[in-house]
Amino acid sequence: MGKAEFEKELKKKLVEESKELAQAPKEELLNELADVLELTKSIASHYKIPFSKVEKFQEEKRKKRGGFKKKLFLVWSTGKAGK
């Protein structure tokens, strides 16, 4: 596979595995989470992004925007995304 095709297929596979995760029964969650994580790490590696940098960025976003610990979801906002 060429570089562009490989990038496209990695992202396509991530979407496929994410859909499987979304539909998975509780007993299959670990398996599907592992697949999504493997693809996430593979995509980061392909783009030469250290996974530790992804984790650090995730933590920074959580501090700024919050996570899902409180089980709350933002339904509507007037602000621009990421601000």
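Pairs to check: Lys8/Lys48; Lys48/Lys71; Lys8/Lys61; Lys8/Lys41; Lys26/Lys69. Give those whose C-alpha atoms are more than 22 Å from each other in this structure.
Too far apart for the 22 Å limit: Lys48/Lys71; Lys8/Lys61.
Report the calculated FRET efficiency for Thr40 and Val75 (r = Cβ-Cβ distance, R0 = 25 Å), to the nearest 0.05.
0.40
Please compute the modelled spin-label separation between Ser52 and Lys64, points set 7 Å along Cα→Cβ, answer in nm with one decimal.
About 2.2 nm, to one decimal.
Scanning the chain for chymotrypsin sites (Phe, Trp or Tyr not before Pro) in DSSP loops with at most 13 other Cβ atoms within 10 Å, what's the longest stretch left with none?
Within the chain, the longest run free of exposed chymotrypsin sites (Phe, Trp or Tyr not before Pro) spans 1-46.
Using only Cα positions of the chain, each an equal point scatterer, no hydration layer, compute I(q)/I(0) via Debye at q = 0.16, 0.19, 0.23 Å⁻¹ and quote the log10 values to two decimals.
With one equal scatterer per Cα and no solvent, log10 I(q)/I(0) is -0.88, -1.11, -1.18.
Rule-based calculations on the coordinates, nothing more; no lab input. Nothing here was measured: the structure is a model prediction, and the numbers come from that model. All Cβ positions, glycine included, derive from the backbone under ideal geometry; neighbour counts span all protein chains shown.
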